[in-house]
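Peer 1: Below you'll find the structure I mean.
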Amino acid sequence: MLKYFNKPTNLIKIKKLLSFTGQNRYKYIFYIFSSFFVVLLETFGIGIIPAYVKILVDPEIFEKFKLTKGIVVNNKTYIILTLLLLLFFILKNSYLFFHNYFEIHLIKDTKAYLSKELFNIYLKKNLLFHLDNYPSILGRNVTSDINCYVAYIRSFVILFREGSQLIFIAI
């Protein structure tokens, strides 16, 4: 490993580098809440399909609930339910599209921010640091190590989102 990462003072700088400041912090908070809303939409979407099929198979299910007791089941009811189901999935997928678009731009901004900060740290180092380390290794740190870190963050968020969805489905 590089000498750069073994020095405690430089580890403190890396910790400072990785703590998001300014607008990125709020973007990540928004992204986490948005991911939670995606979990709710996905869970509702999974739960609505069996209910829809049950209504198609057993139209008398409307008589079992007080809220839907007076509904007459005919072809018009099936068309309305089908259109509501399609509308829900169109809206859900539109939201997922914009959520993924936001995620891609957040990752791009994070990569750019971290690469710039790490590059600035390298620029402020003295000449001996650059003589001890190969420029190709320093360049690799700016590109591939930052990509690995961002992939780690993204994997953690996906694990959180999918785990939350599994818990909601189990409930």
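The values are calculated or read from the model by the stated rules, or taken from the named source; none is laboratory data. From a predicted model like this one, the values you see are computed outputs, not experimental measurements. Note: accessible area is taken over every heavy atom of the protein model, side chains too, but ligands, DNA and RNA are not part of it. Shrake-Rupley method; radii C 1.70, N 1.55, O 1.52, S 1.80 Å.
Peer 1: Which of the aspartates and glutamates could be linked to K27 by a straight reach, that is with a Cα gap under 19 Å, when you skip same-chain ones fewer than 8 residues away?
Peer 2: Those aspartates and glutamates meeting the cut-off are E103, D109, E117.
Peer 1: Residue separation times 0.36 nm, minus the C-alpha to C-alpha distance between L86 and L40: what's the value?
Peer 2: 14.8 nm
Peer 1: Run the 1.4 Å probe and let me know the accessible area of H130, rounded to the nearest 10 Å².
Peer 2: Accessible area, nearest 10 Å²: 70 Å².
Peer 1: Calculate, in nm to one decimal, what N120 and I169 gain on full extension: separation in residues at 0.36 nm each, minus their alpha carbon distance.
Peer 2: Length gained between N120 and I169: 13.0 nm.
Peer 1: Okay, moving on. With a 1.4 Å probe and every protein chain left in place, tell me how much accessible area S136 has, in Å² to the nearest 10.
Peer 2: Roll a 1.4 Å probe over it and S136 shows about 90 Å².
Peer 1: Pull out the extension gain between K64 and I32, defined as 0.36 nm times the separation in residues minus the alpha carbon to alpha carbon distance; nm, one decimal.
Peer 2: 7.6 nm
Peer 1: If you don't mind, another one. Heads up, I need the accessible area for R25: 1.4 angstrom probe, whole protein in place, Å², nearest 10.
Peer 2: 110 Å²
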